[in-house]
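Okay, structure first, notes after.
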Amino acid sequence: MQLTSIVAIYALFWVLSAFFLLPFGIRTHDETGEEKIAGQADSAPVNFRPGRLVLRATLLAAVLMAVFVVNYEYQWITIDDINITNYLTPPN
């Protein structure tokens, strides 16, 4: 696998991990008992920490990328394993 492919796939894993992890650990003003600023949305987070999100997304993406690369090298799951058209054709 080429380095550029690894970087591109890692970037995809990172973005997906970041979006997956966004809602975890977030609390609203109603949950913490703090006062809202005038015009603020009810769902606005009071404790958003982008640094923590970046760290968690980086770690999760690294784990997912490691599993992907190992699967690529050892061919545990191939395209033939997930190709559903093999199961849709009638037997002869």
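Bear in mind that the values in this text are calculations on the coordinates, not laboratory data. None of these values were measured; they are calculated from a predicted model. FYI the Cβ positions are ideal-geometry reconstructions off the backbone, even for glycines, and counts take in every protein chain you see.
The angle between the Cα long axis of helix 50-74 and the main principal axis of the chain comes to about 10°, on a 0 to 90 degree scale. Divide by every residue of the chain the summed helix terms, -39500 (n - 2.57) for each DSSP H run of at least 4, and state the resulting mean residue ellipticity at 222 nm, rounded to the nearest 500 deg cm²/dmol. The helix-only estimate for the chain comes to -18500 deg cm²/dmol at 222 nm.
Placing a pseudo-label 7 Å from each Cα along the Cα-to-Cβ vector at Ile37 and Asn71 gives an inter-label distance of 4.2 nm. May I ask for the angle, rounded to the nearest 10°, between helix 3-21 and the longest principal axis of the chain, with both axes built from Cα atoms and the value confined to 0 to 90°? The answer is roughly 40 degrees. Only one of (i) 16.8; (ii) 19.2; (iii) 16.5 was calculated from the structure for Kirkwood radius over Cα pairs in Å, and its label is (i).
Take the chain, mark every one of the chymotrypsin sites (Phe, Trp or Tyr not before Pro) that falls in a DSSP loop and has at most 16 other Cβ within 10 Å, then report the longest stretch left between them, sites excluded. Don't skip to the end; give the middle numbers.
On the way: sites that count: Phe24, Phe48, Trp76.
The reported range is 49-75.
The charge dipole of the chain, taken about its Cα centre with unit charges on the Cβ of Lys, Arg, Asp and Glu (plus for the first two, minus for the last two), comes to roughly 240 debye. Largest GNM mean-square fluctuation among Ala62, Ala38, Ala11, using the chain with Cα springs under 10 Å: Ala38. Annotation: extensible slack from Ser5 through Phe24 equals 3.9 nm (criterion: 0.36 nm per residue apart, minus Cα-Cα distance).
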